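Some notes on the structure that comes next.
The values are calculated or read from the model by the stated rules, or taken from the named source; none is laboratory data. Only a predicted model underlies this, so the values are computations on that prediction, with no experimental measurement involved. Virtual Cβ from ideal backbone geometry, glycine too; neighbours counted across all protein chains shown.
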Amino acid sequence: MPVTPSRALLLGITIVTLATGLAAPRGASGGSIKGTVVLKGATPELRKLAVTIDQYVCGKEKNPEDLVLSPQGGIRNAVVWLDKPPATATAEALPSTTAMDQKECMFAPRVVIVPTGGRIDFLNSDRLLHNLHSTPNTNPPFNRTQPKGRTIAITFAQPEIIRVTCDLHSWMRGWVVVAEHPFYVMTDAAGEFTLRGLPPGRYTLKAWQERLGTISKEIVVGDQDPTAVTLEMPAR
């Protein structure tokens, strides 16, 4: 078919549009950081937790969950975030509501992330009495009894990391991470994480784990996407 002037113009517009479209995702969604949080040093001894009461529900002992490692040394349930992300960075909003259950006398999941102003629905799936006890620094404390089947909804207004315990079962621990902005993520079973929506630049990454504390690392997001990083947390 002969190419008429109008068809040539249309083809030109199509080519420009396609070229623009190919370049758009990088500029629109930004770059990403893909990393792993690993243990540095010898693995500490992880002892079973003795259960002394309510064994008909709780069992006789519990596996320690304050440090869970993959075979390669990746740390599960570490929380990674950006310290002071730029205003131009955009990320998908964190869910405004999440849940933490009490199953077989353990908090599940053990660590949850909620944005400031977000809500956690605390559940009790066990056929016995639990309680929720926290001593935060900036959010209001709570200490609530919780029989089976009752849901207790609590909203968190200020960013911080809060430990939650059950006074009736001393081994029970849970953690609430109240996020200051959307650039917070939790590592998976392999210790891996991804942060998306970042323009090129220099950033400070922070990582927290309940037993190992908090570390920081400077990283540069450049032309290569994703930017790879390994965060090493010293053993304690």
Pro115 vs. criteria at pLDDT 95 or above and within 17 Å of the chain's Cα centre (by Cα): yes
Quick check on my filter: what residues within region 79-108 are closer than 22 Å to Met233 by Cβ and surrounded by fewer than 16 Cβ atoms within 10 Å (Cβ to Cβ)? Asp83, Lys84
Quick count over region 161-189, residues being of a type in the set (Ser, Thr, Tyr) and either under 19 Å from Ile53 (Cα atoms) or surrounded by fewer than 19 Cβ atoms within 10 Å (Cβ to Cβ) (or both), is 2
Looking at region 127-150 only, could you name the residues that are buried (at least 17 other Cβ atoms within 10 Å of the Cβ) and in a loop (DSSP other than H, G, I, E, B)? Pro136, Asn139
If we scan region 206-218, do we find a residue that is free of Cβ contacts under 8 Å to residues at least 24 places away in the same chain, part of a strand (DSSP E or B), surrounded by 13 or more Cβ atoms within 10 Å (Cβ to Cβ) and of a type outside the set (Phe, Trp, Tyr)? yes
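Do we have Met186 as at pLDDT 95 or above, of a type outside the set (S, T, N, Q) and in contact with a Cys (Cβ under 8 Å, 6 or more places away or on another chain) here?
no
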Are any residues in region 162-177 in contact (Cβ under 8 Å) with a residue 60 or more places away in the chain and in a strand (DSSP E or B), and if so, which ones? Val164, Arg173, Gly174, Trp175, Val176, Val177
Just one of (1) within 17 Å of the chain's Cα centre (by Cα); (2) under 15 Å from Pro86 (Cα atoms) trips up Gly201, so point out which. (1)
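Conditions tested, residue by residue: (1) of a type outside the set (Val, Ile, Thr); (2) in contact with a Leu (Cβ under 9 Å, 6 or more places away or on another chain); (3) not assigned by TED's automatic domain parsing to the domain that holds Val114.
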| residue | (1), (2), (3) |
| --- | --- |
| Leu129 | yes, yes, no |
| Thr151 | no, yes, no |
| Ala189 | yes, no, yes |
| Thr204 | no, yes, yes |
| Ile215 | no, yes, yes |
| Val220 | no, no, yes |
| Asp223 | yes, no, yes |
Within region 44-116, considering only strands (runs of 3 or more DSSP E) that don't extend past its boundaries, which have at least 1 residues that are within 20 Å of Ala190 (Cα to Cα)? 79-83, 106-108, 111-115
Residue by residue through region 136-161, note down the ones that are β-branched (Val, Ile, Thr) and in contact (Cβ under 8 Å) with a residue 24 or more places away in the chain. Thr151, Ile152, Ile154, Thr155, Ile161
Ala153 being among the small types (Gly, Ala, Ser), at pLDDT 95 or above, in a strand (DSSP E or B) and more than 16 Å from the chain's Cα centre (by Cα): yes
